[in-house]
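*Asks:* Have a look at this one.
Just so it is clear, none of the values below were taken in a lab; they were calculated from the coordinates. Note that the structure is predicted; figures quoted are calculated from it, not measured. Here the Cβ positions follow ideal geometry from the backbone for every residue, glycine too, while neighbour counts run over all protein chains shown.
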Amino acid sequence: MKKNVFLILILASFVIKAFPQASNDAGLWTTLNIEKKINRNLLVFATEEYRLRENFTRNNLFYTDLGIAFKPYKILKISIAYRGIQKSLIDETWSFRHRLMLDISLKKKFGNFGLSYRHRIQSEVRNVNSSEDGKVPEWYSRHKFEVKYDLGKRITPYVSVEFRYQISNSRAIESDQTWHRSRYAAGFDYELDKRNTFGAYYLIQNEYNVAAPQNLYIIGLEYSLSL
């Protein structure tokens, strides 16, 4: 009996080491979106986002997106974007990162419900001139599913879930070829008029299959302008 208890304790210790406990943090993400239609099927867009971390007390990052989107069919949109990122590090220095993103999105409406799926392939380099690894890109595949409901009163609530798969990352090879992050969100968009929309959401992000997993609890605020 004592031997069995001892073996169970040893096994439990290995399991705990294999699955490290995740730390928790809360933050704020604020986003400004601007888009301009070129014609019926083509538009350009820009996004600026600022994030806080460590329970809303410290800078996390700033980023700027610049992109173009093509909509060949009503249900299909393809977009390409560049993201410049300035991320604050623990020692209060800044890490400069460059990301390219290819999105393929499908949307379909069923009565008052709107369903959408987005697949994103992204590649990112960081601190390019800091080391030999600086020019080695990280590759990820991201899958996002969203359900919206049109209340008919300018308010559109929604829920979404996103899963991220790490294709390759030389800085975290232990997570290569694995799913390692998920996001769950619930929020709403409020249409102020045909050009202006305000949105708010609550997002939970979980990490797994990584060396130092973290759970994030995010309040998000968005403002979108169509020119």
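*Asks:* Given 185, 200, which one is exposed (fewer than 14 other Cβ atoms within 10 Å of the Cβ), under 17 Å from the mean Cα position of the chain (by Cα), small (Gly, Ala, Ser) and under 28 Å from residue 108 (Cβ atoms)?
*Replies:* Checking each option against the conditions leaves just 200.
*Asks:* On to the next question. Go through region 206-227 and give me each residue that's closer than 26 Å to residue 21 by Cα and either surrounded by fewer than 16 Cβ atoms within 10 Å (Cβ to Cβ) or hydroxyl-bearing (Ser, Thr, Tyr) (or both).
*Replies:* Passing the criteria: 206, 208, 211, 212, 214, 215, 217.
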